[in-house]
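Here's a structure for you.
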Amino acid sequence: MRRYAGRKQRALAAHHSQISGGGRLSAVARVLVRLPAPVFGLLLGREWYVEARTR
């Protein structure tokens with residue numbers, strides 16, 4: 001939810017090893033944690049889940 005975007009962004013920033021790495025995903029993570037919280041919320045503020053069905 002967008003109201004939790006700032007919290008979600010801080011949680012991402014707390015994963016120092018993933019952010020400080022040299023891979024492509026590390027570069028993306030560095031950009032994401034530097035975005036203003038409202039922009040971060042627009043990009044990653046909604047999560048979708050699918051409930052698994054048992055057969």
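The values are calculated or read from the model by the stated rules, or taken from the named source; none is laboratory data. For clarity, every value in this text was computed on a predicted model and none was experimentally measured. Side chains are part of the model used for accessible areas, which takes the heavy atoms of the whole protein and leaves out ligands, DNA and RNA. Shrake-Rupley method; radii C 1.70, N 1.55, O 1.52, S 1.80 Å.
Using helices alone, what [θ] at 222 nm do you get for the chain, with -39,500 (n - 2.57) per DSSP H run of 4 or more residues, divided over all residues and rounded to the nearest 500?
-15500 deg cm²/dmol
Next question. Hey, what did the chain get for relative contact order, percent, Cα under 8 Å, at least 6 apart?
On the way: 43 pairs, mean separation 27.6, N = 55.
Value for the chain: 50 percent.
Output ³J(HN,Hα) for segment 41-50: one whole-Hz value per residue in order, computed from phi by the Karplus curve 6.51 cos²θ - 1.76 cosθ + 1.60 with θ = phi - 60°, and x for Gly and Pro.
Karplus-based 3J(HN,Hα) across segment 41-50 equals x, 5, 7, 10, x, 10, 10, 10, 10, 10 Hz.
On to the next question. If you roll a 1.4 Å probe over the heavy atoms of the protein chains, what accessible area per residue do you get for the chain, in Å²? Intermediate results must be reported in sequence, preceding the final value.
Working: 5050 Å² over 55 residues.
On a per-residue basis, the chain sits at 92 Å².
May I ask you to give the percent of accessible area on the chain that is carbon plus sulfur, with a probe radius of 1.4 Å?
That fraction is 59 percent.
Classify the chain: rounded, prolate or oblate, from the alpha-carbon gyration tensor (a ≥ b ≥ c, eigenvalue square roots; a/c under 1.5 rounded; otherwise prolate if a/b is larger than b/c)? Can you show the working numbers first?
On the way: a/c = 2.56, a/b = 1.42, b/c = 1.80.
Note, shape of the chain comes out oblate.
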